[in-house]
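For reference, the structure discussed in these notes is given below.
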Amino acid sequence: MAIAVERGAAGPRLHLKETLVPHPGPGQILIKVAAAGVNRADLLQVEGHHPPPAGAPETPGLEASGTVVALDQAVTGLRKGDEVCVLLPGGGYAEYAVASALCALPVPMGVSIKDAGGLPEVYFTVWSNVFDTARLKPGESFLVHGGSSGIGTAAIQLMHARGHRVFTTAGSAEKCAACVKLGATRAIDYRSEDFVTLVKAETNGSGVDVILDMVGGDYVMRNLNTLARGGRVVNIAYQKGAKVEVEFRLVQARLLSLAATGLRGRPDSEKALIRDHLAREVWPLFEAGRLKPVTHRVLPLAEAGAAHQTMRESRHIGKILLAP
Ligand SMILES: NC(=O)c1ccc[n+]([C@@H]2O[C@H](COP(=O)([O-])OP(=O)(O)OC[C@H]3O[C@@H](n4cnc5c(N)ncnc54)[C@H](OP(=O)(O)O)[C@@H]3O)[C@@H](O)[C@H]2O)c1
């Protein structure tokens, strides 16, 4: 069984459909899915805005956890019966999913197999953007927009655990309180407060060193005005628009850097390097109890449509999971 997208006059509809169990190809493993994470990109894909890369399954689902039930003979380091979580190019909303062995990590000790289904997409994204792209250094300060999102809850916890001062924005007092509980120094309610003014005030006027942004639009210039000299901003989405006017004289005068990245279309060899960093630097923090999965709700796989509606309305804090 897997989730299929039916496109009708009333818009796309998600429904459970009988499917064949996929076969692991070269370098791949087959997992019996315990839980699949729901990501904003899945909503975009269903609406036709984020097509799967060439060769990826049409079934939505960018991450899952489960038990290895079959594997290609060339795969080393994994065995049938291992409990893993995997980053996928698609296909997670299903009873069985195939993944590249290069994108698999063990379920961290102390984390349930279901909760682990919501870890890969956010931690691969946060690590690669904050450390590889924006080069956050020890002692530097950090701002993540959308602190109560899957990405935000992971970013706040990870930067707090690594000793950084963390600022964040969220859309309600309840969401801001959740962000502070996760380790944010200051959570800013973006509906009633101005993050540029507040971050400047909290940093004695100097600004923040690194920003992880998923908002875009007017946030592009506001981010630049919030950065410290030599600061870096990296965008992983442009929810308020990707076409904006930028005052590049400010970028030049203050030695700022702008970057933007996408994870899904990158080759497995690049994802494997991020996976290795997670195994070394992040999974031990779960095992030490310093990071915790933030699961908003686990819904049955058949209720994928309801899960998408919850995310569309932004009623969640953390990850929404689907369990077959
Ligand atoms: N490029 C990549 O490789 C990559 C990978 C993973 C995710 N992403 C992107 O990262 C974002 C988060 O993903 P997710 O799956 O964790 O989704 P999500 O939980 O639905 O998060 C979306 C977040 O955006 C916040 N937001 C919307 N407007 C905002 C504003 N004006 N100011 C501050 N925050 C605002 C929402 O906050 P409120 O609910 O408080 O309004 C919500 O927390 C998505 O846009 C996704 O497409 C990109």
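The values are calculated or read from the model by the stated rules, or taken from the named source; none is laboratory data. Predicted model, so just to flag it, every value in this text is computed and none were measured. With ideal geometry, Cβ positions are generated from the backbone for all residues, glycine too; neighbour counts draw on all protein chains shown. Side chains are part of the model used for accessible areas, which takes the heavy atoms of the whole protein and leaves out ligands, DNA and RNA. Shrake-Rupley method; radii C 1.70, N 1.55, O 1.52, S 1.80 Å.
Observations
- Residue, nearest to residue 63 (Cα to Cα), within region 251-267, restricted to residues that are open to solvent by 40 Å² or more (accessible area, probe 1.4 Å) and more than 15 Å from the ligand (Cβ to nearest atom): 257
Yes or no, residue by residue, for (1) near the ligand (Cβ under 10 Å from one of its atoms); (2) within 21 Å of residue 224 (Cβ to Cβ); (3) open to solvent by less than 10 Å² (accessible area, probe 1.4 Å); (4) of a type in the set (D, E, K, R):
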| residue | (1), (2), (3), (4) |
| --- | --- |
| 156 | no, no, yes, no |
| 160 | no, no, no, no |
| 166 | no, yes, yes, no |
| 176 | yes, no, no, no |
| 193 | no, yes, no, yes |
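- Top-ranked residue in region 76-89 [being open to solvent by less than 70 Å² (accessible area, probe 1.4 Å) and in a loop (DSSP other than H, G, I, E, B); ranked as nearest to residue 35 (Cα to Cα)]: 88
- Complete set of residues in region 69-112 that are touching a Phe, Trp or Tyr at 6+ places or on another chain (Cβ under 7 Å) and over 20 Å from residue 4 (Cα atoms): 105, 108, 110, 111
- Residue list for region 144-154, filter: open to solvent by less than 10 Å² (accessible area, probe 1.4 Å) and closer than 21 Å to residue 231 by Cα: 144, 145, 147, 152
- Scanning region 306-319 for residues that are part of a helix (DSSP H, G or I) and either among the aliphatic types (A, V, I, L, M) or touching a residue at least 40 places away in the same chain (Cβ under 8 Å) (or both) yields a total of 5.
- Of all residues in region 280-305, those being open to solvent by 50 Å² or more (accessible area, probe 1.4 Å), more than 16 Å from residue 118 (Cβ to Cβ) and either in contact (Cβ under 8 Å) with a residue 24 or more places away in the chain or within 16 Å of the ligand (Cβ to nearest atom) (or both) number 4.
- Test: residue in region 29-52 that is surrounded by 15 or more Cβ atoms within 10 Å (Cβ to Cβ), in a loop (DSSP other than H, G, I, E, B) and more than 16 Å from the ligand (Cβ to nearest atom): no
- When the residues of region 53-75 are filtered to those that are open to solvent by less than 10 Å² (accessible area, probe 1.4 Å) and small (Gly, Ala, Ser), the one that is farthest from the ligand (Cβ to nearest atom) is 66.
- Of the criteria (1) open to solvent by 50 Å² or more (accessible area, probe 1.4 Å); (2) over 19 Å from residue 101 (Cβ atoms); (3) more than 11 Å from the ligand (Cβ to nearest atom), which one residue 246 fails: (1)
A quick yes/no check of all residues on (1) within 23 Å of residue 37 (Cβ to Cβ); (2) among the small types (Gly, Ala, Ser); (3) away from the ligand (no atom under 14 Å from the Cβ):
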residue	(1), (2), (3)
141	no, yes, yes
144	yes, no, no
181	yes, no, yes
190	no, no, no
198	no, no, no
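- Any chance residue 131 is surrounded by fewer than 21 Cβ atoms within 10 Å (Cβ to Cβ), aromatic (Phe, Trp, Tyr), touching a residue at least 24 places away in the same chain (Cβ under 8 Å) and at negative phi: yes
- Taking the criterion of being surrounded by 23 or more Cβ atoms within 10 Å (Cβ to Cβ) and either part of a strand (DSSP E or B) or out of contact with any strand residue (DSSP E or B) (no Cβ under 6 Å at 6 or more places or on another chain) (or both), the residues of region 90-107 that qualify are 94, 97, 99, 100, 104.
- Residue among 215, 210 that alone is open to solvent by less than 10 Å² (accessible area, probe 1.4 Å) and within 18 Å of residue 256 (Cβ to Cβ): 210
- Subset of region 125-172 (residues that are farther than 19 Å from residue 215 by Cα and part of a helix (DSSP H, G or I)): 131, 132, 157, 158, 159, 160, 161
- Test for residue 322: is it in contact with a Leu (Cβ under 7 Å, 6 or more places away or on another chain), within 15 Å of the ligand (Cβ to nearest atom) and part of a helix (DSSP H, G or I): no
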